[in-house]
1. Only residues that are over 19 Å from the mean Cα position of the chain (by Cα), closer than 29 Å to residue 48 by Cβ and within 16 Å of ligand 1 (Cβ to nearest atom): list them for the stretch 292-307, please.
2. What number goes with the only condition from (1) under 26 Å from the mean Cα position of the chain (by Cα); (2) surrounded by 10 or more Cβ atoms within 10 Å (Cβ to Cβ) that residue 121 does not pass?
3. Name the residue, out of 404, 375, 359, that is within 16 Å of ligand 2 (Cβ to nearest atom), at pLDDT 95 or above, in contact with a strand residue (DSSP E or B) (Cβ under 8 Å, 6 or more places away or on another chain) and over 21 Å from residue 436 (Cβ atoms).
4. Which of the numbered conditions does residue 223 fail, given that it passes all the others? Conditions: (1) modelled with pLDDT of 95 or more; (2) in contact with a helix residue (DSSP H, G or I) (Cβ under 9 Å, 6 or more places away or on another chain); (3) under 30 Å from residue 435 (Cβ atoms).
5. For the stretch 403-422, enumerate the residues that are crowded, with 21+ Cβ neighbours inside 10 Å and either closer than 19 Å to residue 206 by Cβ or within 16 Å of ligand 1 (Cβ to nearest atom) (or both).
6. Looking only at the stretch 189-207, which residues are farther than 17 Å from residue 442 by Cα, in contact (Cβ under 8 Å) with a residue 12 or more places away in the chain and loosely packed, with under 15 Cβ neighbours inside 10 Å?
7. When you check residue 438 against the structure, is it closer than 21 Å to residue 112 by Cα, at pLDDT 95 or above, part of a helix (DSSP H, G or I) and in contact with a strand residue (DSSP E or B) (Cβ under 6 Å, 6 or more places away or on another chain), yes or no?
8. Can you go through 399, 387 and tell me which one is under 26 Å from residue 115 (Cα atoms), more than 16 Å from ligand 2 (Cβ to nearest atom) and either at pLDDT 95 or above or crowded, with 16+ Cβ neighbours inside 10 Å (or both)?
Ligand code: PEP
Ligand code: MN
């Protein structure tokens with residue numbers, strides 16, 4: 001990498017319309033922030049992005065499964081060792097269950113170390129007759145409902161960089177420093193199964209995994225692979241000033257990489273073909289995700305493939321479908337069929353969260369665990385019927401015992417939502433609901 005090469009590259013998107021960008025009152029200050037970001041070291045290396053693309057290539061071919069998850073919106077206040085550890089721990093536990101059930105490698109990607117920017121359905125919010133800009137994530141403005149907090153401040157982009165850096169540093173230490181050892185992860189799963197009412201149903205699967213590990217141990221097998229994991233970082237590439245300031249030319253290949261994360265995705269609200277986000281993603285070599293909601297057409301999906309994966313490279317493009325439990329069985333088949341007929345080997349991943357959000361009587365934005373599960377089930381059914389690979393799941397979760405989504409084995413009710421409703425944006429599965437989802441997806445993988 002040669003940071004001095006960064007300034008002139010990756011600017012072509014500036015001539016195109018870009019949805020969901022903040023309006024900074026002080027453009028001069030923004031220019032100064034961009035110049036600083038351009039001088040900062042990369043968070044990830046291009047070679048790691050290539051590795052992840054290769055792993056996702058295996059997912060596209062049906063030889064691996066993707067687990068992508070984390071907060072809807074990370075917050076600067078949430079950058080603490082405990083919260084990062086518990087999120088990672090939850091993802092590792094889910095991954096162990098899925099690996100065993102799928103008998104396939106699980107590619108682990110966090111919505112982490114950069115997921116600080118949110119697209120919003122309305123640009124403003126009104127409370128008690130007062131209208132202010134909507135909260136767009138900690139990278140843009142503050143959540144507090146005051147004119148000061150809600151005014152976009154470019155300095156926050158630098159705080160996002162630093163928050164991402166310290167998060168990723170800790171994630172890397174946990175992933176390789178002994179914490180992620182499979183035997184330890186399995187013992188946490190055993191605790192979940194033994195000590196929680198939600199976990200008991202899954203005792204027999206946990207026992208099978210235990211036997212497999214004991215068998216390996218008895219054989220004297222102690223492969224290094226059990227002691228550490230590869231864990232990748234991803235976020236929505238929403239704020240193009242930030243993403244392009246962190247886009248650099250790789251000295252090995254001369255190609256552009258967005259070094260703010262291994263993988264970035266384009267959201268449902270910014271995937272217009274002739275707009276800036278797609279143009280930006282087309283120029284970088286990272287693996288790219290695109291969210292596809294229930295209004296997506298097969299023509300749009302095919303055009304996105306032409307634009308983002310012209311070489312038809314397995315692992316380059318991931319379609320993250322978020323249809324909703326009620327629409328997935330109607331809307332998904334045509335997309336999968338036409339994309340497959342075109343010969344493109346994309347990764348198909350199910351986001352069972354964003355099509356299932358509603359407002360509860362208590363006023364909280366929430367989701368039902370049963371709807372989440374039903375959308376994943378529908379996703380598996382569609383792919384099984386078409387002979388394609390249900391490549392993975394993309395979920396909003398936390399390692400904390402929050403009360404944001406309804407249902408699950410511990411039966412969270414509308415009346416409980418207020419107890420620990422802590423999300424900065426969308427409702428997340430809590431620790432127990434996440435683990436339960438992984439055991440239920442494990443059952444689908446084995447069918
Ligand atoms: C999200 O992933 O938090 C999100 C906003 O999703 P979508 O773009 O699918 O609405
Ligand atoms: Mn969300």
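The values are calculated or read from the model by the stated rules, or taken from the named source; none is laboratory data. Bear in mind that the values here come from a model prediction, so they are computed numbers and not experimental data. Reconstructed Cβ throughout: ideal geometry from the backbone, glycine too, with neighbour counts over all protein chains shown.
1. 301, 304
2. The number of the failed condition is (2).
3. Details: 404 fails: over 21 Å from residue 436 (Cβ atoms); 375 fails: over 21 Å from residue 436 (Cβ atoms).
Within the list 404, 375, 359, the selection yields 359.
4. It fails just one condition, (1).
5. Within the stretch 403-422, 404, 405, 408 qualify.
6. If we filter the stretch 189-207 for residues that are farther than 17 Å from residue 442 by Cα, which is where we start, we get 191, 194-197.
The next check asks that each one be in contact (Cβ under 8 Å) with a residue 12 or more places away in the chain; those that pass are 196-197.
If the condition is that a residue be farther than 17 Å from residue 442 by Cα, in contact (Cβ under 8 Å) with a residue 12 or more places away in the chain and loosely packed, with under 15 Cβ neighbours inside 10 Å, then 197 is the only one that fits.
7. Values: closer than 21 Å to residue 112 by Cα: yes; at pLDDT 95 or above: yes; part of a helix (DSSP H, G or I): yes; in contact with a strand residue (DSSP E or B) (Cβ under 6 Å, 6 or more places away or on another chain): no.
Answer is no for this residue.
8. Values: 387 fails: under 26 Å from residue 115 (Cα atoms).
From the options 399, 387, the qualifying one is 399.
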